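Quick notes on the structure that follows.
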Amino acid sequence: MQMRKRERSLVGVLCCFLLLEIERSVGLELEFTRSDFPSDFVFGSATSAYQVEGAAHEDFRSDSIWDNYTHSRMVPGKSTGDVAADGYHKYKEDVKLMADMGLEAYRFSISWSRLIFVETGEINPKGVEYYNNLINELLNQGIQVHVMLYQLDLPQSLEDKYHGWLSPKIIDDFTAYADVCFREFGDRVKYWSTMAQPNILSIAGYDQGSWPPSHCSNPFGVIHCTIGNSAVEPYIVMHNLLLAHASVYNLYHTKYYELQKGKVGINVYTLGLRPFSDSAADEKAVRRFRDFFIGWILDPLAFGEYPSIMKKIVGSRLPSFTKGQSKMLKGSFDFIGLNHYITLYVMDDSNNTNSVPRDYTADIMVRTSGSKNETPHIQLTTVLRNVVPDPDGLQYILNYLKEDYNNPPIYVQENGRGLAWNSSLEDTERIKYVSNFIRGTLHAIRNGVDVRGYFLWSFIDLYEFLGGYETTYGLFRVDFDSEEKTRRPKLSAHWLLIQDCMITGDQAFKLCFFNGEKTTKKRWYLFDGFSPPICKIVP
């Protein structure tokens, strides 16, 4: 027993040594370890169905709007998610990689098109089988399961039938789909998010046309749209998204909670926001942008109404809630999930008040830039492509939620750094980014913010909605040109593993691996695959 403790302690020391070496190599100082976070805080990673699964035409899966979009439009590299990272067939291998590197949680989305025969409403047994297998594999490896019910991949048949999220008919269909998920998987899944970034979906899909179903109207839009009304459709879509969320939340808590004891939240895309100048007008513009971008979702869920500034500016184009809907919405979340990547500088553009025609962007009356050295631009998606990372922006958002929304439980459900697919496996830029944002999360926790988890986007390289396969975020590189879609760990995967090794010698003893393989032998191997290799053997 004494020898075993000494071996474990030695592994912990080696983990510390290797962590210091990696952090020195990328210019970081060791400022935190896993043990600095609450014991019930979870570190995880995330993917989404269309982006990772592939198998687009297998086992009776039907098309989603992303299938239709990628096959009919010019996307980066003319790429599609038909095969993606082939997660549908390689889930066991992927879960093993998660377990080997010590991930505590995994957030994935369910494909509505794979689970349900939408035309009839019947369940696809193959879809149920796949998600059961994935969930069970995760739990068998001790990994906490977080599920996103909807991550942008609406069944194409519902878009064709009644224009998808533009119709209130979708509320009942989405609730019925969620009912199937809760019934089939809720005995094991305890963390549910209803939908991903409805603010981005409403803007990109129905104002600017850059995401499916590609609605916009002239002179708005980043593409030439043939259908849409940018003045009203973003607001209608968000209205239906919020009501669908509240309906699903109410379903779970009336039908399933007593037995399953799970939690249901919603995911919001957030931006750090800074005034472009010290002027009072720019300060006011930041608050207005924040209300339009985040309050648009959270005010109805917290208070039952849209922000007052939105009512004032948008007027009759903004739908209103009935008293019954307001009551259903208010308090309809157990946690808030955040997707957060960047900070924008905001300049007031309120001289644009009376311009016509109007759209969502014109209503906010701001211009934005990625830094104070750039000229602010009116088109948001133009700015998002080249922005300097700012971890203080995440702290800003976390503290804002604490102060304005009564400190709700929060999970950072996406945060990560995109790099070119063919960049080095030694992704030091990603390590710097992630380290800084995790540190920012820790500072927020110490400031009293109720943050309960951090999920890195993404676990493996996959199909990116804005970048195809040209930009990747994964901890593991996927060789998309190979039939096997081979996975190879990047330096960031090892860095996260070593950080986890820092908890205790016991956990370090358990987690160390060589070439992705755990070993139960008395010899313990650490981290191979780089030049020069960082590999140690414990006698």
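The values are calculated or read from the model by the stated rules, or taken from the named source; none is laboratory data. What you see is a predicted model, and the numbers here were worked out from it, not measured in a lab. Virtual Cβ from ideal backbone geometry, glycine too; neighbours counted across all protein chains shown.
For Ala99, are the conditions met, namely being among the small types (Gly, Ala, Ser) and under 19 Å from Tyr191 (Cβ atoms)? Yes, satisfied. Filtering the range 351-360 to residues that are modelled with pLDDT under 90 and either within 25 Å of the chain's Cα centre (by Cα) or part of a helix (DSSP H, G or I) (or both) leaves Asn351, Asn352.
A quick yes/no check of all residues on (1) at pLDDT below 95; (2) surrounded by fewer than 18 Cβ atoms within 10 Å (Cβ to Cβ); (3) within 30 Å of Phe437 (Cβ to Cβ):
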residue: Gly209; (1), (2), (3): yes, no, no
residue: Ser279; (1), (2), (3): no, yes, yes
residue: Ala285; (1), (2), (3): no, no, yes
residue: Trp296; (1), (2), (3): no, no, yes
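Residues considered: Ser157, Ser167, Ser193, Ser113. Of these, the only one that is over 23 Å from Tyr411 (Cα atoms) and surrounded by 19 or more Cβ atoms within 10 Å (Cβ to Cβ) is Ser113. Considering Glu21, Glu93, the condition of being surrounded by fewer than 21 Cβ atoms within 10 Å (Cβ to Cβ), of a type outside the set (A, V, I, L, M) and either in contact with a helix residue (DSSP H, G or I) (Cβ under 6 Å, 6 or more places away or on another chain) or at pLDDT below 95 (or both) is satisfied by Glu21 alone.
Here is a yes/no grid of residues against (1) touching a residue at least 24 places away in the same chain (Cβ under 8 Å); (2) touching a Pro at 6+ places or on another chain (Cβ under 9 Å); (3) not charged (D, E, K, R):
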position: Ala444; (1), (2), (3): yes, no, yes
position: Gly448; (1), (2), (3): yes, no, yes
position: Gly453; (1), (2), (3): yes, no, yes
position: Glu464; (1), (2), (3): yes, yes, no
position: Gly467; (1), (2), (3): yes, yes, yes
position: Phe480; (1), (2), (3): yes, no, yes
position: Glu484; (1), (2), (3): no, no, no
position: Arg488; (1), (2), (3): yes, no, no
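Residues in the range 344-362 that are of a type outside the set (A, V, I, L, M), within 29 Å of Asp392 (Cα to Cα) and out of contact with any Lys or Arg (no Cβ under 6 Å at 6 or more places or on another chain) were compared, and the one that is surrounded by the most Cβ atoms within 10 Å (Cβ to Cβ) is Tyr360. For Val237, the criteria (1) farther than 18 Å from Arg107 by Cβ; (2) out of contact with any Ser or Thr (no Cβ under 6 Å at 6 or more places or on another chain); (3) β-branched (Val, Ile, Thr) hold in every case but one, which is (2). The set of residues in the range 37-79 that are of a type in the set (Asp, Glu), surrounded by 22 or more Cβ atoms within 10 Å (Cβ to Cβ) and either touching a Lys or Arg at 6+ places or on another chain (Cβ under 6 Å) or farther than 26 Å from Leu338 by Cβ (or both) contains only Asp67. Asp282 fulfils the conditions (1) touching a Phe, Trp or Tyr at 6+ places or on another chain (Cβ under 9 Å); (2) within 19 Å of Leu394 (Cβ to Cβ); (3) part of a helix (DSSP H, G or I); (4) not aliphatic (A, V, I, L, M) except for a single criterion, (2). Considering the range 436-527, the qualifying strands (runs of 3 or more DSSP E), each wholly inside and each with 2 or more residues that are at pLDDT 90 or above and among the aromatic types (Phe, Trp, Tyr), run over 451-457. Quick check on the range 261-277: of everything there that is farther than 9 Å from Thr343 by Cα and among the small types (Gly, Ala, Ser), which residue is surrounded by the fewest Cβ atoms within 10 Å (Cβ to Cβ)? Looking at the filtered set, the residue picked out is Ser277. Considering the range 218-246, the residues that are hydroxyl-bearing (Ser, Thr, Tyr) and surrounded by 20 or more Cβ atoms within 10 Å (Cβ to Cβ) include one that is farthest from Ser193 (Cα to Cα), namely Ser230. Are any of the residues in the range 404-416 modelled with pLDDT of 95 or more, out of contact with any strand residue (DSSP E or B) (no Cβ under 7 Å at 6 or more places or on another chain) and under 24 Å from Ile200 (Cβ atoms)? Yes, some residue in the range 404-416 is modelled with pLDDT of 95 or more, out of contact with any strand residue (DSSP E or B) (no Cβ under 7 Å at 6 or more places or on another chain) and under 24 Å from Ile200 (Cβ atoms). Within the bounds of the range 135-144, is there any residue that is closer than 24 Å to Asp67 by Cβ and modelled with pLDDT of 95 or more? Checked the range 135-144: no residue is closer than 24 Å to Asp67 by Cβ and modelled with pLDDT of 95 or more. Taken together, the criteria exclude Ile266 from residues that are touching a Pro at 6+ places or on another chain (Cβ under 8 Å), at pLDDT below 95 and in a strand (DSSP E or B).
Screening Phe220 against (1) touching a His at 6+ places or on another chain (Cβ under 7 Å); (2) modelled with pLDDT under 95; (3) among the hydrophobic types (A, V, I, L, M, F, W, C) leaves a single unmet condition, (1).
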